[in-house]
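Visitor: One structure, pasted below without further comment.
Laboratory data are not the source of any read-out in this text; all were calculated from the coordinates shown. If you're wondering where the values come from, they're calculated on a predicted model, not measured in any experiment. Quick reminder, even Gly has a Cβ in these numbers, built from the backbone with ideal geometry, and neighbours come from all protein chains shown.
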Amino acid sequence: MITRSSMGSICMCHFILPLTIAVVVTLGDNTAESYWLLKIKSELVDPLGALRNWSPTTHFCSWNGITCDVDEAHVVGLNLSGSGISGSIPGEFSHLISLQALDLSSNNLTGSIPSELGQLQNLRILLLYSNYLSSNIPEEIGNLSMLQVLRLGDNSLADEIPPSIGNLSELTVLGVANCNLSGSIPVEVGNLKHLVSLDLQMNNLSGFIPKEIQGCQELQNFAASNNMLEGEIPSSMGSLKSLRILNLANNTLSGSIPTSLSLLSNLTYLNLLGNKLNGEIPSGINSLSQLQKLDLSRNNLSGSLTLLNVNLQNLETMVLSDNALTGIPYNFCLRGSKLQQLFLARNKLSGGFPLGILNCSSIQQVDLSDNSFEGELPSNLDKLQNLTDLMLNNNSFIGSLPPAIGNISSLRSLFLFGNSFTGKIPVEIGRLKRLNTIYLYDNQMSGPIPRELTNCTSLTGIDFFGNHFYGPIPETIGKLKDLTVLHLRQNDLSGPIPPSMGYCKRLQLLALADNKLSGSIPPTFSYLSQLSTITLYNNNFEGPLPDSLSLLRNLKIINFSNNKFSGSIFPLTASNSLTVLDLTNNSFSGSIPSILANSGDLTRLRLANNFLTGTIPSELGHLTKLNFLDLSFNNLTGHVPPQLSNCKKIEHLLLNNNRLSGQMLPWLGSLQELGELDLSFNNFHGRVPAELGGCSKLLKLSLHNNNLSGEIPLEIGNLTSLNVFNLQRNSLSGHIPSTIQQCSKLYELRLSENFLSGIIPVGLGAVTELQVILDLSRNLFSGEIPSSLGNLMKLERLDLSFNHLQGQVPPSLGQLTSLHVLNLSNNHLHGLIPSTFSGFPLSSFLNNDHLCGPPLALCSEATRMKLSNSQVAAIIVAIVLTSTLICLVLLYIMLRIWCNWKKVAVSSEDSGMVEQKTRNGEYWNMNSPELFSSPDIQISATPCICNLKIDAAARENTLVR
């Protein structure tokens, strides 16, 4: 809070400063510059007191950082570099008209570069680098016609380099590295005839390198690396005869390396790494007799290496890694070569070890890694007496290591991993007193680890992973006092861990996993105070852990799984830095220490398959970075602590095969990262929580073999990533929710041995990724088997046994060609089994109503005709209707026949004519009355039988004998 008194003080200060400056001006001892200097001081923040002696009571030429002319009349230099001052650069510097050098570098200045600095016509040196300046470079900088050195690097400037920079005709040094500049390199740079050093590194400059750069004839240093420059390197650069350093690394330059660069006879450093240059390396590079360092790595250069002829006698470093070079000439190195570093990694080099390198007597580092070299190493490798680092990893070398390697006394690093070396480690290697690192992993080497190796007392790293070394670890391993990495995993080592290993007190990583080691952990391990990673898994270690392990407070990763350790796990829980603790498959007993909660960075805690007892500590809920918790296959009891809901990053929660109890856990739904949940084989009860539907990343949900009841919640359909769903052997009831079809990635569904009822949902046929099993057995399902199950073409096992299913086996199931286990037994199915099921055993179909066909008995006609009630009713109705229709048609036909006969009989008698017929030798006289003449008989002319009228009298016999 600003009080009245403090306000008065502030006002007084604002009054005193102008008054002081006014007094200085009236004193008249060239005090104009004093005035402006004090004005500048008033605008800067000076926490370190660099400007403390800037006082009007003393002459300004005596002030800190001030340099005056010989007459002490004017300020010609001001150096406040590294003074800790902050604030903005005052524009009042422009009043120091005699100023020739201004150095404000390495401070905490902010704001923009004031354009007023362009008024300092006598300024020759302007150093503002290593501040926090922003905005752009003012155009007015181009007015400083006398300026020779301009260094603005390591600021947060923006925008482009102003073209006016080309007006600085006296400029020799331009440094704007790491300034966040954009745009292109202005062509006006070519006007800087006296420019010696141009540093544009680490900006966002784009576009082409201007060909006008050839105008900088005095240029010695051109560095434009780490930008976004593109296009070809201009051939005009070959005219820069004074150039000594050319650094264009890490841009997107393309095309070939211009041959004109061979004209740069003074060039000592050429760096073009990390571009898109292609073609062959021009042979003209061989003429650069002053060249000391050459880096063309990470391009697309091809062809054979033709460098290092007699003219490159000064070349010390050659880096050509990450190209497509294909060959090294036999005469690669000539006598008198000064080459010390040769890096050819990640090319397309092949053939045997390039013997030309053996002529490079001065060479210290050779990197031929990640190529396709093959064959054996030369037996005279010891010709390279100055060799310190030999990197031949990731090739196809074979054979044994030559004993001569033990004669290279200067050797420090030996990287031979990723080859096909065989045989033993030569005992001569013990002569390499300076050997620091030996990596032989991923080879086919065998034999014991030689005791002589422990004579290499400078060793810090040993990695023999993935070989066939056998026998014990040398008991003299403790001689390697500087050893930090010992990686012997995946060999055939046997025997105990030597107690002397505890004297490798700088050891940080110890990997002895996947061997045949036995015995217990030596108590001397308590001396390994720097140990951070120890992996002993897949061995035969046994016994309790020594209590002294609790002294290892820097342990981060512990993996003792698949051994025979016993006793308490407490000695491994003292470190608060643990990230991984895996003790799976041992015989540990006792409780889970709550002190584990102190390891706030713990991500994986795996204690499965032991004999742990007690409850799960609620303190584990403090492990907010935990993503894997496996406590399965123990004897844990009690409830699962709800504090575990704080472990929001957990992805795997495995608590199965314990004796845990209580209600199923609704808070599980808050674990959004959960991918695997296994609570099976416990004593949980209650309903399946609907909240689980919120675990959208869940892949495996196993709640089987508990006492769960109620219905399967509809929200299960939200688990669209679910692969495995297992609820078998509970007491669940109700229907399978129709939303199950939304779990389209399911490949295993087990709901057997519950009390589920209703029909099998048709939507299950849409879950076409089902593959491992669909098991709905031993429930109360009824109705027919949905034919849609025939869409599950990947399904391998289908079990619908022990339900109340009816009807026929759908023919569509016969299309399940991947099915190799089928059980439809103990239902009420009938009818013909699909022929493709004939290869399944009888047990797959037993105890149904009337199933038939292979592998069961052949179907009889009666069995074949056996239909469902609805089918029978439909057939009966059809038969009745058809029979009725046929009878009516027959009756109609008979009546028509009779009617026609009667008509013919009447019309056959002419008037008065008598037809005589003989019957039994007698004649019959048939008299027919005239048609329609008798009132007693009327026959309609219409042939419809319904209109026939016959009187009773007409029925009398009219035949006269």
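Visitor: Between Ala404 and Ser420, what length comes free when the chain is fully extended (0.36 nm per residue of separation minus the Cα-Cα distance, one decimal in nm)?
Guide: Between Ala404 and Ser420, full extension yields 3.9 nm more.
Visitor: On full extension of the chain, what length is gained from Ser287 through Ser738, given 0.36 nm per residue of separation minus the C-alpha to C-alpha distance?
Guide: The span from Ser287 to Ser738 would gain 154.3 nm if fully extended.
Visitor: How high is the FRET efficiency between Ser112 and Thr252 when r is their beta carbon distance and R₀ equals 35 Å, given to the nearest 0.05?
Guide: According to the calculation, E is roughly 0.70.
Visitor: In deg cm²/dmol and to the nearest 500, what is the mean residue ellipticity at 222 nm of the chain if only DSSP H runs of at least 4 residues count, each as -39500 (n - 2.57), divided by the residue total?
Guide: That calculation yields -3000 deg cm²/dmol at 222 nm.
Visitor: By the scheme Lys and Arg +1, Asp and Glu -1, what is the net charge of all other residues having a beta-carbon under 11 Å from that of Ala177?
Guide: Cβ neighbours under 11 Å give a net charge of -1.
Visitor: Taking Lys794 as the anchor, which lysines have their alpha carbon closer than 18 Å to its alpha carbon, excluding any fewer than eight residues away along the same chain?
Guide: Reachable lysines: Lys745.
Visitor: Quick one: what do you get for segment 664-865 if you divide its Cα Rg by 2.2 N^0.38 Å?
Guide: That works out to 1.06 for segment 664-865.
Visitor: Same structure, new question: List the residues of segment 40-68 whose backbone N lies under 18 Å from a point placed 7 Å from the Cα of Ser81 along the Cα-to-Cβ direction.
Guide: What the label zone holds, given the 18 Å backbone N cut-off, is 50-51, 64-68.
Visitor: What's the magnitude of the charge dipole for segment 664-865 around its Cα centre, counting Lys and Arg as +1 and Asp and Glu as -1 at the beta-carbon? Answer in Debye, nearest 20.
Guide: 100 debye
Visitor: Can you pull the one-decimal nm distance between simple spin-label points at Val821 and Ser396, each 7 Å off the Cα toward Cβ?
Guide: Output for this residue pair reads 4.5 nm.
Visitor: What is the sum of charges, Lys and Arg at +1 and Asp and Glu at -1, for the other residues whose Cβ falls under 9 Å from the Cβ of Asn723?
Guide: 0
Visitor: Also: Classify segment 229-362 as rounded, prolate or oblate from the Cα gyration tensor: take a ≥ b ≥ c as the square roots of its eigenvalues, call it rounded if a/c is under 1.5, otherwise prolate when a/b beats b/c and oblate if not.
Guide: Since a/c reaches 1.5 but b/c is at least a/b, the shape of segment 229-362 is classed as oblate.
Visitor: From the phi angles alone, apply the Karplus equation (6.51, -1.76, 1.60; θ = phi - 60°) to segment 741-746 and give each ³J(HN,Hα) in whole Hz, x where the residue is Gly or Pro.
Guide: Running phi through 6.51 cos²θ - 1.76 cosθ + 1.60 with θ = phi - 60° gives 5, 6, 7, 6, 9, 4 Hz.
Visitor: Now for a different question. Along the Cα→Cβ direction, 7 angstrom out, place labels at Lys348 and Asn576. What is the inter-label distance in nm?
Guide: 5.7 nm
Visitor: As an exercise, take the mean of 1/r over every pair of distinct alpha carbons in the chain, invert it, and state the Kirkwood radius in angstroms.
Guide: In the chain this quantity evaluates to 39.3 Å.
Visitor: Using alpha carbons only, how many degrees (0 to 90, rounded to 10) separate the axis of helix 31-43 from the longest principal axis of the chain?
Guide: On a 0 to 90 degree scale, this one is about 30.
Visitor: Specify the longest stretch of the chain that does not include any exposed loop site, a site being one of the chymotrypsin sites (Phe, Trp or Tyr not before Pro) with a non-H, G, I, E, B DSSP assignment and at most 13 other Cβ atoms within 10 Å.
Guide: After excluding every exposed loop site, the longest remaining stretch is 331-931.
Visitor: Let me know the whole percent of all Cα-Cα pairs from segment 409-558 that are separated by more than 23 Å.
Guide: 30 percent
Visitor: Same structure again: Could you tally the net charge around Asn131, taking each other residue with its Cβ under 14 Å from the Cβ of Asn131, Lys/Arg +1 and Asp/Glu -1?
Guide: Value of the local net charge: -1.
Visitor: Filter the cross-link list Lys39/Lys193; Lys348/Lys556; Lys293/Lys481; Lys481/Lys648; Lys276/Lys338 down to pairs whose alpha-carbon distance in this structure exceeds 32 Å.
Guide: Violating the 32 Å Cα-Cα cut-off are Lys39/Lys193; Lys348/Lys556; Lys293/Lys481; Lys481/Lys648.
Visitor: Once amide H atoms are placed 1.01 Å from N in the peptide plane, what residues at a sequence separation of 5 or more from Leu708, or on another chain, have their amide H within under 5 Å of its amide H?
Guide: Amide H neighbours of Leu708, under 5 Å, 5+ apart: Ser731.
Visitor: Related question: Rounded to the nearest 5, what % of the DSSP beta bridges within the chain are antiparallel ones?
Guide: Bridges in the chain are about 5 percent antiparallel.
Visitor: Can you give the charge dipole size of the chain about its Cα centre, rounded to the nearest 20 debye, using +1 on the beta carbon of Lys and Arg and -1 on the beta carbon of Asp and Glu?
Guide: 2300 debye
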